[in-house]
Amino acid sequence: MRNVEATPLFARHLQGFLADYAEKGAVRFVERLHTSYNSMVENISSFDEIGQVRRRTINGKTLTIREYVLDAGARDFLVLYFLPPDPSEPVLLLNIRIGGQNRFWWKR
């Protein structure tokens, strides 16, 4: 099993979603999201051949980015992650958004 690391952008967006739903009192929703997130972290390195792929240029470097859908019951969240070719490097969680949004926002 590979280590999984999150970028500050991913962590900030996830924390924002959790804070928003916790403020609304959606405890079961947050629990489902937490369960789905833990499952993703445990299994994400096994999806290197089946995850949907996007190519993105970040800081002048072209990366193959994969998608993972977190099912939280009432909503889905789409996670973009990078799976380095070297198995000793960790999986990098790049960004997360609520399913149905038209595009990712990469700016801070």
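The values are calculated or read from the model by the stated rules, or taken from the named source; none is laboratory data. Remember, it's a predicted structure, so these values are computed and weren't measured experimentally. A quick note on method: Cβ atoms are made from the backbone with ideal geometry, for glycine too, and the neighbour counts reach across all protein chains shown.
Looking only at the range 16-50, which residues are crowded, with 17+ Cβ neighbours inside 10 Å and outside any helix (DSSP H, G or I)? 26 - this is the single residue of the range 16-50 that is crowded, with 17+ Cβ neighbours inside 10 Å and outside any helix (DSSP H, G or I). Quick check: is even one residue across the range 83-97 in a strand (DSSP E or B), exposed (fewer than 15 other Cβ atoms within 10 Å of the Cβ), at pLDDT 80 or above and of a type in the set (A, V, I, L, M, F, W, C)? No: the range 83-97 contains no residue that is in a strand (DSSP E or B), exposed (fewer than 15 other Cβ atoms within 10 Å of the Cβ), at pLDDT 80 or above and of a type in the set (A, V, I, L, M, F, W, C). Among the residues in the range 1-10, are any crowded, with 17+ Cβ neighbours inside 10 Å and within 14 Å of residue 99 (Cβ to Cβ)? No, the range 1-10 contains no residue that is crowded, with 17+ Cβ neighbours inside 10 Å and within 14 Å of residue 99 (Cβ to Cβ).
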